[in-house]
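The values are calculated or read from the model by the stated rules, or taken from the named source; none is laboratory data. Only a predicted model underlies this, so the values are computations on that prediction, with no experimental measurement involved. Cβ sites come from the backbone with ideal geometry, for glycine too, and all protein chains shown count toward neighbours.
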Amino acid sequence: TLEHQPWPPSPPWEKSVLLLLLNPMPTSAGLKTLLPVPTYEDVSIPEKSKLKFVERVPLVPKVRREPENLSDIQGPSTEASEFTKGNFAILALGGGFLRWDHFEMMHLTINHSMDPKNMFPITCKGIGQRMGGGKGAIDHYVTPVKAGRLIVQHFLRQVAHKLPFPAKAVSRESLEKMRKDQEERERNNQNPWTSECIATANTPGIRKVLSPYDLTQKGQYWANSTVTSGYNFLLVTLNPLRDKEWLLRALCSCRL
């Protein structure tokens, strides 16, 4: 039997070669400056434009039965009176209450007024597919619109006609024109018998039938006692015929 022979001593350069193989030196060195990752905190993503269904009864455990507060629909609105998005809207010419079926009417009117004959399909090939093999599958539908066409004015007119209070479809330009015409008529008014003058001077003893609300609004927004129907009569104090109508109504109530 051969006796166990010890391993011969390793050469001195073997250890350095082994370290070089395990930890190779980099071929090149440099300094990298990494930019911060953008957070997009200042970007606001709008919600979906699809109208939501309004429930008939709000989802609350218990509703307190409060008196009918008619001051909510009296006078001019202090909120949402200017355009913030879009170019078309519906202007309320009087006060009233909107129920759940009115919101449903707006939703259905816009959807039913769309003509499917004007919607054309657009095809698109899937990602990674080879060209050829016929036309691709339908991806979505589009409606062609040319420059200068009014898109949603017809829809808004139908909705404004069905609301429970007087309303009118307006745009940014038409609303600005209405306000400029109102200011011009106020400057060039030739009728001294305005509703404000009659109420202030108490000309035919009209103060007996006027409320503090009429004195505050100067006869511009007139509403009878049965406002639950949702109608407010907007009276412009610059038209002599409408001022006479307002005065005749007050005189008739005095005789009664």
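Residues that are exposed (fewer than 11 other Cβ atoms within 10 Å of the Cβ) and not in a loop (DSSP other than H, G, I, E, B): does the stretch 63-80 have at least one?
The answer is yes; a qualifying residue exists.
Consider only pairs whose beta carbons are under 8 Å apart and that are at least six residues apart or on different chains; among these, list those whose first residue lies in the stretch 47-60 and is closer than 13 Å to D101 by Cβ and whose second residue is modelled with pLDDT of 70 or more and among the charged types (D, E, K, R).
The qualifying pairs are F53/E104; V54/E104.
Suppose the filter is within 27 Å of F97 (Cα to Cα) and among the basic types (K, R); does K135 pass it?
no
With the stretch 86-193 as the region, which helices (runs of 4 or more DSSP H) entirely inside it contain at least 3 residues that are under 28 Å from P58 (Cβ atoms) and touching a residue at least 60 places away in the same chain (Cβ under 8 Å)?
Ranges flagged: 153-162.
For the stretch 102-123, which positions are surrounded by 12 or more Cβ atoms within 10 Å (Cβ to Cβ) and acidic (D, E)?
E104
Against the definition (surrounded by 10 or more Cβ atoms within 10 Å (Cβ to Cβ) and either assigned to a loop (DSSP other than H, G, I, E, B) or at pLDDT 75 or above (or both)), how does L51 come out, yes or no?
When the stated conditions are applied, L51 passes them.
Which of the residues spanning the stretch 190-228 are at pLDDT below 75 and exposed (fewer than 11 other Cβ atoms within 10 Å of the Cβ)?
S225, T226
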